[in-house]
Structures are given as structure tokens and as C-alpha cells.
């Protein structure tokens, strides 16, 4: 993103330093703080009483929904008996990094900013989509077509900002340490002509190209598979380096959910494995995608 990019308000966008994802730094710190509290046998309410703050503040720090100040870290370390200068310094550093600005924050992504912050630091992503191409693989024209049906409606300028956000996100695939991405698609995704036949042909070719040049695998569940384990859901499983736990993101029209309990994450992992059993092999999936793309090209020629 150019450092002098103009915001929708007309103000020039200030340069944003590249930092480790503050979203994940907060989660990492929260995981450590929760482990320390449990080791002391304390409840959230007991810690809040000692710190003279609300239980929700303690809970939100532990879940990474809220950043911690240097004073918070000092008081919590004193309460939990953390005397090692190195441990205290590490937690203070995580708290500071959790307050930095990620590249995505000036884009005003609302609730989705959390997802992008997690995605930025994920070590592996696995996802199932039943209706749309995953954002990490969308072409600009696909993004524009999807933006055109958003409610409430978005301006052309905002649409181009969303295109840029997708482009920045896709940089993870070609980074020095490329993101391993495993995608399972319902066949219906291929046949929904988002943006029209010509745009969809380009989009499907993009999927094929991604499997050749990135650490991307794509498998398709064909119509012939019949019922499968996730017909009424879409989800994304994100894994991180220790000690940050995995998280599952589930999104719908009425909201979004981040699932973090280990037993719940394990359930989604199991469902993903079941979906792989229902899907075509990677090679057969690519052949199907290529076949549908060729059909779109023929439709485009016939329409001329």
C-alpha cells in the first residue's frame, strides 16, 4: 500500500510500519496470562478484585480482545509471582506489540479486522466454502462483483479499497515464508457465475494457477457426493505458532463467531477430515475446475 494513499475522507493515509500481527500478539499474551492465573488457582473475579478493575477487563485481556498496558503487566506479574526479568520483559514486549497498528487497520474493516489480523500471523489455514471463492484466491473482478451486492451498498471508491485489502492479504501466499492454504469447495462455488462468464473463467484459472505456484491445495466436493458433513456451514481453521491456540472462524449474514475451545476446534478439524473423504482428489478437482472454466469461456464466445 503506498504510504500516501488517500482515505475516503480525503485525508492522506500515513505510512503504516510493518509489524507482527498485533491481533495475534494480544492472543499470545492472553494465553500466557490465563495459564499464569490458572496456575495460581485464581478466578477472573479474584484477579479483578486484586487489580481494582472489572472482571470483563481481565477476561478480555486473556482472550486478546483488549490490549494490556505496561502497568497491567507489572501488576499481574506481581500477583502471579512472576519474578524472572526475562519473562516480565517478554510479556511487556507482547503488550507493546499488541498495541501497534497492522497494515489493515486504516481500512476500517470493522469486525473483519480481527480476522485479517489472525490471518496475517497464521502458520496454516484450512477452509471450507460452499458459496464463494475464498478471499485469498479471489481476482479483482470477483471482489468487485461481490462488493456490488453488499448490504448496505458500498461506493466505487470503497470497492477499490476492498480490492486492495484482498491484494494485501494475498501477499501471504507469496511471502518469504508462504502460507500453506488447504481449501475444500462445494462444486456449487464453481457454477455461481460471479461477475459473469468471462470473469468467472479468469477466476477459476486463478485457482488452478494458485495450486501450481503457491502452497495451495484445492479439492472439490462434487454434486455426485450427495450429502456431506458441512452442507449448512462454511468455516476457516487457523493454526498459529505455539503458544497461540488454533481458532475457527464461522461467518454468516447475522454475524460472526470465533470458536476457540479445544474440543470445539477439534470437532471442526474432524469435519474437515470428513470433507476431504467426500472430495475429489487434488488432480481430479483441478480437472473439474478447468472443465467448468472452459464452459464459461464458450458461454462468453457464444454471447458475442
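Below is a table of values for the structure above.
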quantity	calculated
For the chain: relative contact order, % (alpha-carbon pairs under 8 angstrom, 6 or more apart)	18
Additional length obtainable on full extension of the chain from residue 108 to residue 70, 0.36 nm per residue less Cα span	11.0 nm
Tensor-based shape of the range 143-270 (alpha-carbon gyration tensor, a/c under 1.5 rounded, otherwise prolate or oblate)	rounded
Where labels lie 7 Å past Cα in the beta-carbon direction, separation of residue 277 and residue 215 in nm	2.8
Mean separation of Cα contacts under 8 Å, 6 or more apart, over the residue count of the range 22-98: relative contact order %	44
Förster radius 30 Å - calculated FRET efficiency between residue 206 and residue 270, Cβ distance, rounded to 0.05	0.50
Candidates 52, 137, 181, ranked by Gaussian network fluctuation over the chain, Cα under 10 Å, top entry	52
Ranked list, fewest to most other Cβ atoms within 10 Å of each Cβ, for 296, 128, 111	111, 296, 128
Which labelled figure in [x] 28.1; [y] 17.1; [z] 18.6 is mean projected area of the Cα convex hull in nm², once derived from the coordinates	[z]
Residue exposure sequence - 256, 104 - by fewest surrounding Cβ within 10 Å	256, 104
Estimated FRET transfer efficiency when R0 is 22 angstrom, pair residue 156-residue 131 (beta carbons, to 0.05)	0.35
Likely footprinting exposure, 169, 261, fewest C-beta neighbours within 10 Å first	261, 169
Spin-label zone in the range 133-166 - amide nitrogen under 20 Å from a point set 7 Å from the Cα of residue 233 along the C-beta vector	133-135
Peptide ranges 21-27, 41-47, 170-176 listed from the most packed, as the mean C-beta count within 10 angstrom indicates	21-27, 41-47, 170-176
Whole-angstrom gap from the range 36-56 to the range 192-234, using each part's C-alpha centre	47
Virtual spin-label span in nm between residue 188 and residue 298, 7 Å along Cα→Cβ	2.5
Segment residue 57-residue 100, extension gain: residue separation times 0.36 nm, minus the distance between their alpha carbons	13.6 nm
Additional length obtainable on full extension of the chain from residue 87 to residue 176, 0.36 nm per residue less Cα span	29.1 nm
In degrees, nearest ten, helix 112-121 long axis to first principal axis of the chain (Cα)	80
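Bear in mind that the values in this text are calculations on the coordinates, not laboratory data. A quick note: this is a predicted structure, and the numbers were derived from the prediction, not measured. Note that we place each Cβ from the backbone using ideal geometry, even for glycine, and neighbour counts take in every protein chain shown.
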